[in-house]
Amino acid sequence: MTRAGYKQLLDCPACGNPCKELPPYAETPQHRFPWWQDGDYAVCACGADLIVVADGEVAYLKERDHGC
């Protein structure tokens, strides 16, 4: 957590641990808090294939659907 109460990492929905493979972007004049870009993706250390869902106010991870 930051001093302002924001999470530094998003939790993986598969293992429940903070996902170190998707760190937030650096603060900008427009974003003075940890932030993530909608659609970014990575593989968690547990092996889950994840995608960021973000709407400008809230961000979370979900497992990617490969349509198989």
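Those residues that are more than 11 Å from the chain's Cα centre (by Cα) and touching a residue at least 24 places away in the same chain (Cβ under 8 Å), I need them from the stretch 12-36; list them, please. 14, 15, 17, 33 - these are the residues of the stretch 12-36 that are more than 11 Å from the chain's Cα centre (by Cα) and touching a residue at least 24 places away in the same chain (Cβ under 8 Å).
Cβ separations smaller than 6 Å between residues 6+ apart or across chains give the following pairs from the stretch 37-50 residues that are touching a residue at least 12 places away in the same chain (Cβ under 8 Å) to residues that are aliphatic (A, V, I, L, M) and assigned to a loop (DSSP other than H, G, I, E, B): 42/22; 46/14; 48/14.
Of the strands (runs of 3 or more DSSP E) lying entirely inside the stretch 10-68, those containing at least 3 residues that are modelled with pLDDT of 95 or more and hydrophobic (A, V, I, L, M, F, W, C) span 49-54.
The values are calculated or read from the model by the stated rules, or taken from the named source; none is laboratory data. Just so it is clear, the model here is predicted, and its values are computed rather than measured. In this analysis, Cβ positions are derived from the backbone assuming ideal geometry, glycine residues included, and neighbour counts consider all displayed protein chains.
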